[in-house]
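In what follows, a structure is listed as structure tokens, so that the remarks can point back to it.
Nothing in this text is a laboratory measurement; each read-out follows from the coordinates by a stated rule. Predicted, not measured: the structure shown is a model, and the values here were computed from it. Cβ atoms come from the backbone with ideal geometry, glycine included; neighbour counts cover every protein chain shown.
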Amino acid sequence: MRILIQTGSPLDPGFLRVSVPALVVTAALFCGAGVAEAQTGQIRCSITENGGPGRGTIVVEQDGREVGGGSCGAALSVPVGKCKVTVRLDGTLNNPSKRVTVQVSAGKSTPVSVDFQTGVLEVRIETKRQSGTGIVTVNRGSERIGTLGSGVAARLSTGSYEVVVRLGGEERRYAVDLRPGQRRLIRAQF
């Protein structure tokens, strides 16, 4: 590319000379920038937990690759087209997620709203009416969700769980059905 600049008076017809190829390249660059901006849109994620405000993260995939991610609540710029959006709820033992497919349009904001249903589970291990230490395992079906300490409350998605409490060589098992907004306390006595 060759750009020729000549100094002189603005009234002089030869004041500014630019070669035709340079002008074409420059115009293409500026026009291309406008096209690139028009080929993006936004996703605005919102999370509720049991109908109230919730916090979480978002990951956006397009054609099998990640094209964006971050915290829900902030607008996220992504390429236009069909996107798979995974929304995760923060602060829960089982780390629940929901996945939705959306169509993102150029220059537009696409809302994604997800509600998670959770409850709170707390297990207290007691031995001779005093607090004891032990191991609390939370399972859902054949999957181990996580472990808890005695007296530690954990938020979980609603549903059925098996709670296994071990102290010394002894074990207690409890079936728990957790409903939205419910707080369950298990007293495991040894």
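Report, as a whole number in µm² per second, the diffusion coefficient that Stokes-Einstein gives for region 110-190 at 10 °C and 1.306 mPa s using the Kirkwood radius over alpha carbon pairs.
119
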field: Those aspartates and glutamates that a straight Cα-Cα span of less than 16 Å connects to K82, excepting residues fewer than 8 apart in one chain
entry: E61, D63, E66
- line: Computed on Cα atoms, Rg of region 38-116 relative to 2.2 N^0.38 Å comes out at 1.05
- prompt: Using Cα pairs under 8 angstrom and six or more residues apart, how large is the relative contact order of region 112-190, in percent?
  reply: 41
query: How many nm separate the modelled label positions at S160 and Y174, each set 7 Å beyond the Cα in the direction of the Cβ?
result: 1.8
message: Can you tally the net charge around E122? Count Lys and Arg as +1, Asp and Glu as -1, for every other residue whose Cβ sits under 13 Å from the Cβ of E122.
response: +4
statement: Whole-Hz Karplus couplings 3J(HN,Hα) for region 86-98, θ = phi - 60° and coefficients 6.51, -1.76, 1.60, Gly and Pro as x, run 10, 10, 10, 8, 7, x, 10, 5, 9, 6, x, 9, 10
- request: Assuming 1.002 mPa s and 20 °C, estimate D for region 45-190 with Stokes-Einstein, Rh taken as the Kirkwood radius over Cα pairs, in µm²/s.
  value: 125
Options G41, V67, G52, ranked by Cα towards positive dipole end of region 38-116, top entry (Cβ charges): G41
Inter-probe distance in nm under a simple model that places probes 7 Å from Cα toward Cβ, at T147 and R187: 2.6
message: Students often forget the sequence filter, so: which lysines lie under 16 Å Cα-Cα from K98 once same-chain residues fewer than 8 apart are removed?
response: K84
query: Given 5 Å bins starting at zero, what is the percent of C-alpha pairs of region 148-190 in each, up to the one with the largest pair distance?
result: 5, 19, 31, 26, 11, 6, 1
